[in-house]
Amino acid sequence: MMNDTILVYPYNGSLYAYNVTDPSVAEPVPPDNVITGDGWENPRLVTVVNGKLPGPDIIVYEGQDVVVHVKNGMRSEGTTIHWHGLPQVGTPWMDGVPYVTQCPILPGQSFTYRFKAEPKGTFWWHSHVGTQRSNGLFGAFIIKERTETSTEDLILQINDWNHDMYSDMEIIKDKYRGYDGRIPWPTKRSLDNSGLHISPIHAGLINGRGRYYDTNGTDNGAPLTIFNVMLGTKYRFRVIGTSSTNSFRVSVDGHTLTVVASDGYDLDPVDVESFVINPGERFDFEIMANQPVGNYWIRGITLEKGQNHRADAILHYINAPASQPQTSRQLCTATKPCTVLNCPFTYYPENYTECVKLDKLKSAPSGKPAPIFEPGRSKEYFLNFGFPPSVNGRSFDTPDVNPLLQPKEWSSPCTSPQCGDDHLCKCTHALEIGNNDTVQIVFFNMGRGKGASHPIHMHGHSFYVLKMGYGQYNSTTAEIIGDNPDINCTGPGKDSKKSFCTNATWRNSSWLNGNVPNIELNHPLQKDTIIVPTGGYVVLRIKADNPGLWNMHCHIEPHLLGGMQMLINESFADIPKAPDWIPDCFSYPASPYRMGLIKNCQTNQSNQNDALPVGQVTTENHPGLLIAILVMQIIMMLVVSFACFRQRNYSTCAVCKGHDEPGISLEQQ
């Protein structure tokens with residue numbers, strides 16, 4: 001940890017210069033300009049915006065035009081910024097996904113994002129390139145209503161942290177088997193005995209600060225984030241799950257949490273002791289500061305079996321002493337059980353602790369009903385998220401162009417026999433939807449690739465959550481014992497444990513065509529990120545009314561990078577015209593399509609050069625005309641060159657970037 005050029009170390013909640021031997025009599029170093037992480041003293045490379053972890057909060061009002069100038073100051077990596085949860089209606093090229101909606105911003109380059117701040121709610125921004133998010137490149141994005149409120153907002157960003165290694169090293173170790181020295185990384189299990197990502201973490205952070213606890217439970221005394229509250233006042237916490245791999249159970253000692261929104265959309269409020277937040281999710285809760293003046297722990301605890309990594313912060317009542325909290329979590333009893341919202345399993349393995357599944361919540365009265373499923377026009381898809389990281393056995397083949405604006409320069413179709421039910425393939429997997437149709441999608445997590453629960457994030461939409469089905473569990477041990485029987489993962493005579501479940505359907509055929517029983521249509525929850533439980537499923541709907549090329553993926557960073565992602569190709573012909581000057585990107589040698597374009601442009605340019613032979617005009621007779629003709633030739637050559645390299649707006653060259661057809665070989669299911 002560095003304070004400018006001075007090395008610092010943690011002690012008793014403060015920081016001190018490296019050469020201080022007795023911190024009890026020394027002046028502490030202000031922590032505001034120090035990236036502390038979990039207080040581990042060995043150096044760790046971070047990737048941050050404006051020198052802060054997390055990056056700066058962006059707070060705007062609904063309907064405002066947002067302009068963000070991004071300058072890439074990294075020496076070795078490109079980057080992009082994704083505006084997580086914003087549908088980018090009318091501006092799909094501002095979604096910030098490399099090689100899907102834009103080219104990466106290379107070292108030294110800049111890119112200006114312009115979009116409308118809609119809808120209101122809690123969102124966030126983060127890099128969508130490589131492992132930059134887990135290295136610190138993220139921040140809050142809050143869109144507020146244009147109405148007065150007496151409830152003060154407090155932003156809480158919670159993430160896991162590995163203080164030993166740069167995240168790229170973690171990814172490589174995970175792929176080829178990780179070791180600490182000569183000791184293999186141990187297998188990690190979730191509380192329900194399902195899988196967890198194997199990469200180790202050392203701590204959790206809240207707003208960039210946390211503490212490292214050793215195996216004896218002793219912490220290193222690093223500074224923590226402090227939320228100041230006034231007795232008798234209500235506060236709204238906007239909680240953002242910025243983790244790379246781990247989920248957290250969040251609670252505040254001595255206080256009931258009233259959850260009022262998720263992923264930007266208001267809920268019918270529900271009181272809970274705690275809630276689980278997964279990577280990419282957001283929950284807003286309110287608390288009343290009605291406890292005795294003092295200090296209270298804000299806790300985030302991972303869902304790891306046999307161990308808990310903690311993310312700590314302090315709720316500090318104004319006029320309380322500046323001391324560490326001495327509070328405890330709520331005691332769960334038969335008469336006062338603890339209620340946990342958004343469990344990724346049916347039973348929480350603690351006494352007198354009850355899980356509330358997310359689909360039991362309802363939207364606020366202002367929420368919209370789910371779109372109607374019309375047989376013959378509406379569509380239904382089944383998408384299985386599994387291992388090796390893939391969707392329906394298809395590992396994502398990332399383009400080397402911007403297919404949103406260069407659609408005819410990339411082709412990686414998902415075709416048979418390479419892609420089948422019993423083997424993995426690599427291709428640019430996509431669903432083609434549009435025409436304002438209702439689309440019902442079933443996310444599930446079964447078959448030979450079943451493992452950890454997956455938080456799936458959809459770009460371009462907030463979907464309606466109609467129903468969730470969980471795996472089969474032992475009610476005594478709370479451990480998973482089988483898949484949910486509602487889905488037929490394979491065809492007749494096939495073993496689901498050997499299949500990627502690419503041809504799944506409802507086991508009861510009467511459930512087809514939108515007839516799934518016990519679904520919430522009138523007041524469904526709206527979200528853009530949702531956990532797909534191990535052995536279970538989620539039924540959701542969207543209206544195909546936002547033309548674009550949208551990424552959809554697991555928000556666990558190694559799963560995304562490994563290929564657990566796909567595209568939604570939505571009404572491609574109706575995508576609005578993109579702004580001028582958005583850069584192209586391509587490999588060398590370029591695609592045959594681009595080579596044909598260049599050859600065509602060169603021919604056009606040659607024709608322009610030959611159009612008016614200069615020798616036909618003499619300087620003696622028409623000196624002014626000769627100069628005018630030369631100037632016109634130069635202008636025409638520039639116009640032709642401009643058309644060659646900015647094909648998006650001109651038809652001089654054969655391959656203009658109109659949206660008359662998708663061009664890219666995207667699979668239609």
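Every number in this text was worked out from the coordinates using simple rules, so none of it is lab data. Keep in mind it's a predicted model, so treat the numbers as computed, not measured. Note: ideal-geometry Cβ built from the backbone for every residue, glycine included; neighbour counts use all protein chains shown.
Note on region 1-76 and region 335-410: Cα centroid distance 35 Å, given to the nearest whole angstrom.
I want the local charge near LEU15. Using Cβ-Cβ distances under 14 Å, sum +1 for each Lys or Arg and -1 for each Asp or Glu among the other residues.
Details: positive: ARG209, ARG211; negative: ASP4, GLU27, ASP32, ASP38, GLU41.
Net local charge, LEU15 excluded: -3.
Compute for region 379-574: radius of gyration divided by Kirkwood radius, i.e. Rg/Rh, restricted to C-alpha atoms, rounded to two decimals. Rg/Rh: 0.96.
For the pair LYS175 and ALA334 in one chain, pulling the backbone fully straight at 0.36 nm per residue adds 52.7 nm over the alpha carbon distance. Computed from phi, the 3J(HN,Hα) profile of region 83-95 under the Karplus parametrisation 6.51, -1.76, 1.60 (θ = phi - 60°) reads 9, 5, x, 7, x, 6, 4, x, 9, x, 6, 9, 6 Hz, with x in place of Gly and Pro.
What is the antiparallel percent of DSSP beta bridges lying wholly in the chain, to the nearest 5? Intermediate results must be reported in sequence, preceding the final value.
Values: 104 of 142 bridges.
Of the beta bridges lying entirely in the chain, close to 75 percent run antiparallel.
Between the DSSP loop rule and a limit of at most 10 other Cβ atoms within 10 Å, which trypsin sites (Lys or Arg not before Pro) in region 14-79 are left?
Values: sites: ARG44, LYS52, LYS71, ARG75; in loops: ARG44, ARG75.
When the trypsin sites (Lys or Arg not before Pro) of region 14-79 are filtered for loop state and at most 10 Cβ neighbours within 10 Å, ARG75 remain.
Which order results if ARG182, ARG310 are arranged by neighbouring Cβ count within 10 Å, fewest first?
By the 10 Å Cβ count, ascending: ARG182, ARG310.
Within 12 Å, Cβ to Cβ, of GLY562, how many net charges do the neighbouring residues add up to if Lys/Arg are +1 and Asp/Glu are -1?
Working: positive: LYS175, LYS426; negative: ASP174, GLU557.
Cβ neighbours under 12 Å give a net charge of 0.
Taking the fewest neighbouring Cβ atoms within 10 Å as the starting point, the ordered list for LEU512, LEU361 is LEU512, LEU361. Proximity of backbone amide H atoms, modeled 1.01 Å from N, is registered between GLN157 and ASN207, ILE240 at under 5 Å, excluding neighbours fewer than 5 places apart on the same chain. For the chain, the C-alpha radius of gyration divided by 2.2 N^0.38 Å, with N the number of residues, is 1.06.
Taking a threshold of 18 Å on the Cα-Cα distance, which of the pairs LYS116/LYS577; LYS450/LYS498; LYS120/LYS357 fall above it?
Where the Cα-Cα span goes over 18 Å, the pairs concerned are LYS120/LYS357.
Which values, in whole Å and largest first, are the semi-axes of the equivalent ellipsoid of region 444-536 obtained as the square root of 5 times each eigenvalue of the Cα gyration tensor?
22, 17, 15
Among complete DSSP H helices in the chain, those whose alpha-carbon atoms stretch at least 30 Å along the helix's long axis and whose mean Kyte-Doolittle hydropathy reaches -1.0 are 623-645.
Tally Lys/Arg at +1 and Asp/Glu at -1 over every other residue whose Cβ is under 13 Å from the Cβ of ILE183; what's the total?
Numbers: positive: LYS173, ARG177, ARG182; negative: ASP180.
Result for the local shell: +2.
Could you compute the longest span of the chain free of GluC sites (Glu not before Pro) located in DSSP loops and having at most 15 other Cβ atoms within 10 Å, not counting the site residues? Numbers along the way, then the final one.
Details: sites that count: GLU41, GLU62, GLU145, GLU148, GLU350, GLU620.
That would be 351-619.
Which value, in debye to the nearest 20, describes the size of the charge dipole of the chain about its Cα centre when Lys and Arg Cβ atoms bear +1, Asp and Glu Cβ atoms bear -1, and nothing else is charged? Write down the numbers at each step before the final one.
Working: 53 positive and 65 negative charges, 170 e Å.
Dipole magnitude for the chain comes out near 820 debye.
The H on the amide N of VAL49, modeled in the peptide plane, is under 5 Å from the matching H of GLY55, PHE138, each at least 5 residues off or on a different chain.
Taking only DSSP H segments of four or more residues, each worth -39500 (n - 2.57), what value at 222 nm results for the chain once the sum is divided by all its residues, to the nearest 500 deg cm²/dmol?
On the way: 4 runs with 58 residues, N = 669.
It comes out at -3000 deg cm²/dmol, rounded to the nearest 500.
Restricting attention to region 379-574, close to 75% of DSSP beta bridges with both partner residues there are antiparallel.
The residues CYS414, CYS489, when put in order of fewest to most other Cβ atoms within 10 Å, stand as CYS414, CYS489. Convex hull of alpha carbon positions in region 149-356: directionally averaged projected area 12.9 nm².
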